[in-house]
1. I20 versus D65, label points 7 Å from Cα toward the beta carbon: distance in nm?
2. Please work out how much length the chain gains when fully extended from A77 to T10, using 0.36 nm per residue of separation minus the C-alpha to C-alpha distance, in nm with one decimal.
Amino acid sequence: MAKRPMPARTVQFTILCSMILVLIGLVTGLNPLSLLAKHDQGDRCQGETNGDRTLSRRQLSQLLDIPDGQSRQELQAVLQSPYCQLAALEGSDLDTREDAYPLEFDPQTWLVVQYESDRYRGYRFYFRR
């Protein structure tokens, strides 16, 4: 069976709706990435923060070579002390920990290093925009 082309009116309507949504986003300053974030990481910092602490590109590339399961101390030798330790989310395991490092070249982006029982389990990026 041959596929019927979409009517021009439907295409125009779809484009118009998309443009309106983009315009609303621009006018209100709404960031789609902020809708995906569950929590503001800045609100989850517990204890003191190291205000001048950032992560360089070199440290970030070194982290990529570290396998899961390494001790937190081994990672600290490369990454140094974190900007802050994040408070545990409700329902998370008590043995989990997350350390946050703003990137030196983009301080609004944080690298969050995840540990279980002081063993490295991975990382994720958090975009604070």
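FYI, it's all coordinate maths here, none of it is from the lab. None of the values given here were measured: they were computed from a predicted structure. Reconstructed Cβ throughout: ideal geometry from the backbone, glycine too, with neighbour counts over all protein chains shown.
1. 5.5 nm
2. 18.3 nm
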